[in-house]
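A short worksheet on the structure shown next.
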There are 2 protein chains.
Amino acid sequence: MLVFLNGKFVPEAEALVSVFDRSFLYGDGLFETIRVSHGVPFRWPQHLERLRQGSEFLKIAVPFGFEELRGFAERLIAENGLAEAILRLGLSRGKGVRGYSPKGADHPFLVMTLHPAPESDPQQPARWHLVTSSIRLLANERLSSLKTCNKLAQIMARTEADALNAQEAILLNTDGYVVEGASSNLFWIDKNTVVTPPLASGILPGITRSVIFELCDRLKVPCREANITPDRIVSCDGILLSLASLGVVEAIRLDDQPLRQSPVTAQLIEAYRALVDSETRAQCR
Amino acid sequence: MLVFLNGKFVPEAEALVSVFDRSFLYGDGLFETIRVSHGVPFRWPQHLERLRQGSEFLKIAVPFGFEELRGFAERLIAENGLAEAILRLGLSRGKGVRGYSPKGADHPFLVMTLHPAPESDPQQPARWHLVTSSIRLLANERLSSLKTCNKLAQIMARTEADALNAQEAILLNTDGYVVEGASSNLFWIDKNTVVTPPLASGILPGITRSVIFELCDRLKVPCREANITPDRIVSCDGILLSLASLGVVEAIRLDDQPLRQSPVTAQLIEAYRALVDSETRAQCR
């Protein structure tokens, strides 16, 4: 597989970065995970806009124009011959002097890698067991709302899920609300309304999360933001998770509790899949 | 400068790591910063014990024995001819599959780099201006007590200090207490007692911090742990910071407030310098 390495296309084995790179040293960087279908990155502008916001906050200049990057991404997809894929775009602050101060680190480093899309069978959609993680997220913290390369909280949460043979961990924030999955946004069904925690709860503003709002609008399903406690979420009418790589996923168990399943979830799973398919097909050259 | 790269000694320009390394992707690793004096790493066993505790929690195996590593560190110091230095030891979980789960990532990657010691003149010790950071730390969080490669909170805090021409930022935790510096532990003087926040406040258990306890004992200066609020710390009898690279540093200003200076701080600065000098000289072969 070829890798886009800050302007060059190189084989995986040559895709190397300095051990003085600040993303290696401190996780001082940002990333995006983008679904590619029909050779087209789904919602490229939204992902790049989120990257832009993060890079503005962290003061890391993006070393290529967004249209130029899109050209590189398309070439990466074409040269690897992988039309159904996950594209990972990583932006590091690059090399600097020892220590936390980013002073003088002004050669950012951008990497794009391509990964086979996870296998999925529309007839047998994934159904996840969830566990409640012991790791908490900071509510109202600007840094938590960015897709940064500081992911140990999520890694430890995911490790807790792995240990119990669950597919995802859900995390509480410092206010005591259940707010997101380790690698997904969290939604629940309350009667026929789709509900998700507000951005201020300390979550990542998922691109797939925002697409679910669009789909609810289109399907005339009411959708709103609210906070929920762990004891209340188990008795809701359904839980679903959203993430770029897999789209919408239904949860069927949380810790030791079986979860209700809602027809609304099935509708969203199908609507999301259809949207990715039609939108990328339409953009495919 | 030569770099120790997971078993090999290579020139800086060849000290490279895969872009699929999890410390580059997610900050999935740990590090130690160790003062080297007279060619000897000061308090090597304590640093390696902290690394061991972190690696146990994150479940990253240290790929070399501690005595073997010490041999590599001594060779790195000797070959670079840098007897007064800062040694950085970084441990990454290594390459894995895409995503947060560490499953299958079982080839950890260990790097040691050497950096010239910061210049310091015993006649003119550093005196820092501090700023209060807007970034908060999670109290009572196990992850915050490890020296992990997730350092964006500290980087952003340090950026706030840089912007105001201050040398260090101090951070509050989610309980509202002032708990540590971006790259240092925090102490204040209350009459003639040296006080520092307890470990449960969400701070890093600094090796230099623990040496200060020893020195207080030796100097017969009372020393204890306590919490302090931002409004109370400005009126204390002195603030000092501790960190491996510089030892003990006195603060003379916090935000817009000048700080009192205590003879106890001067005593600790001198006692720490003398201890590093005598202890490493005694171990020097």
request  = Label the range A:190-236 by shape, choosing from rounded, prolate and oblate, from the square roots a ≥ b ≥ c of the eigenvalues of the Cα gyration tensor; if a/c is under 1.5 it is rounded, and otherwise prolate applies when a/b is larger than b/c, oblate when it is not.
outcome  = oblate
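Beyond 17 Å, what share of the Cα-Cα pairs of the range B:42-173 is found? Please give it as a whole percent. Walk me through the numbers on the way to the answer.
Numbers: 6131 of 8646 pairs.
Everything past 17 Å amounts to 71 percent.
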query = Most fluctuating residue of B:N150, B:N140, B:N165 in a GNM of chain B with Cα springs under 10 Å: which is it?
reply = B:N165
Translational D in µm²/s for chain B (Stokes-Einstein at 37 °C, 0.692 mPa s, Kirkwood Rh from C-alpha pairs) = 166
Most mobile listed residue (A:G71, A:G90, A:G238) in chain A, GNM with C-alpha springs under 10 Å = A:G71
remark   = When all Cα-Cα pair distances of the protein assembly as shown are considered, the percent exceeding 44 Å is 21
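What does the accessible area per residue of the range A:43-161 come to in Å², with a 1.4 Å probe and no ligands, DNA or RNA counted? Working shown, then result.
Working: 5170 Å² over 119 residues.
For the range A:43-161, the solvent-accessible area averages 43 Å² per residue.
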task = Calculate, for the range A:192-253, the solvent-accessible area per residue in square angstrom, rolling a 1.4 angstrom probe over the heavy atoms of the protein chains.
result = 38
remark   = On protein heavy atoms with a 1.4 Å probe, the accessible surface that disappears when A meets B, both sides summed and given to 100 Å², is 4900
remark   = Distance in nm between B:D121 and B:R260 label points, each 7 Å along Cα→Cβ, equals 3.0
ask   = If amide H atoms are built 1.01 Å from N in the plane of the peptide, which residues on other chains or at least 5 residues away come under 5 Å of the amide H of B:E168?
value = B:H129, B:V131
key: Cα convex hull of the range A:190-283, projected area averaged across orientations, nm²   = 6.4
message = Cross-link candidates for B:K220: which lysines have Cα within less than 17 Å, leaving aside residues fewer than 8 places away along the same chain?
response = B:K191
key: For A:V62, distant residues with modelled amide H under 5 Å away   = none
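Taking Rh as the Kirkwood radius, which is the inverse of the mean 1/r over Cα pairs, what is the Rg/Rh value for the range B:156-228? Present the calculation step by step, with values, prior to reporting the outcome.
Working: Rg = 13.1 Å, Rh = 13.1 Å.
Reported Rg/Rh (Cα atoms, Kirkwood Rh): 1.00.
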note = Within the under-11-Å Cβ sphere about B:T265, not counting B:T265, Lys/Arg +1 and Asp/Glu -1 give a net charge of -1
ask   = Under the Karplus relation 6.51 cos²θ - 1.76 cosθ + 1.60, θ = phi - 60°, what is the ordered set of whole-Hz ³J(HN,Hα) values for the range A:151-161, x standing for Gly and Pro?
value = 10, 5, 4, 5, 5, 5, 4, 5, 4, 4, 5
request  = Jot down the per residue volume, in cubic angstrom and as a whole number, of the convex hull over the alpha-carbon atoms of the range A:121-272.
outcome  = 102
remark   = Which residues qualify? For B:F42, with a placed amide H closer than 5 Å and at least 5 residues away or on another chain, they are B:R35, B:V36, B:S37
remark   = Per the rotation taking chain B to chain A, min distance Cβ-to-axis on chain B (residue, whole Å) equals B:G27, 1
task = Take the solvent-accessible surface of the protein heavy atoms, probe 1.4 Å, and return the percent of it on chain B that carbon and sulfur atoms account for.
result = 51
message = Could you give each residue of the range A:82-92 its phi-based ³J(HN,Hα) in whole Hz, using Karplus coefficients 6.51, -1.76, 1.60 with θ = phi - 60°, and x for Gly or Pro?
response = 10, 6, 10, 7, 10, 9, 10, 10, x, 10, 10
ask   = Once the principal axes of the Cα atoms of the range B:40-105 are found, what is the range along each, listed largest first in whole angstroms?
value = 41, 22, 18
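Within 10 Å of each Cβ in peptide B:101-114, how many partner chain Cβ atoms are there on average? Round it to a whole number, please. Spell out each step's value before the answer.
On the way: counts 9, 5, 3, 0, 1, 0, 0, 0, 2, 0, 4, 1, 4, 0.
Averaged over the peptide's residues, the number is 2.
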inquiry  = Quick one: 3J(HN,Hα) in Hz for the range B:114-124, Karplus 6.51/-1.76/1.60 with θ = phi - 60°, rounded, Gly and Pro as x.
reply    = 10, 9, x, 5, x, 5, 8, 10, x, 6, 10
For the protein assembly as shown, cysteines whose Cβ has no other cysteine Cβ within reach (under 4.7 Å) = A:C149, A:C236, A:C284, B:C149, B:C236, B:C284
task = Please find, in a Gaussian network model of chain A (springs between Cα atoms separated by less than 10 Å), the residue of A:E119, A:E168, A:E270 whose mean-square fluctuation is greatest.
result = A:E119
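How long are the three semi-axes of the equivalent ellipsoid of the range B:73-116, in whole Å, if each is the root of 5 times an eigenvalue of the C-alpha gyration tensor, listed from largest down? Walk me through the intermediate numbers first.
Details: eigenvalues 197, 17, 7 Å².
Gyration-tensor ellipsoid for the range B:73-116: 31, 9, 6 Å.
For the range B:229-285, just say rounded, prolate or oblate: build the C-alpha gyration tensor, square-root its eigenvalues into a ≥ b ≥ c, call rounded for a/c under 1.5, and beyond that prolate if a/b exceeds b/c, oblate if not. Each step should come with its number before you reach the end.
On the way: a/c = 3.91, a/b = 2.81, b/c = 1.39.
Since a/c reaches 1.5 and a/b is larger than b/c, the shape of the range B:229-285 is classed as prolate.
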inquiry  = Can you tell me how the range A:1-86 classifies by the Cα gyration tensor, rounded, prolate or oblate, using a/c under 1.5 as the rounded cut?
reply    = oblate
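The values are calculated or read from the model by the stated rules, or taken from the named source; none is laboratory data. In this text the structure is predicted, and so the values were computed from the model without any measurement. We place every Cβ from the backbone using ideal geometry, glycine too, and count neighbours over all the protein chains shown. Note: accessible area is taken over every heavy atom of the protein model, side chains too, but ligands, DNA and RNA are not part of it. Shrake-Rupley method; radii C 1.70, N 1.55, O 1.52, S 1.80 Å.
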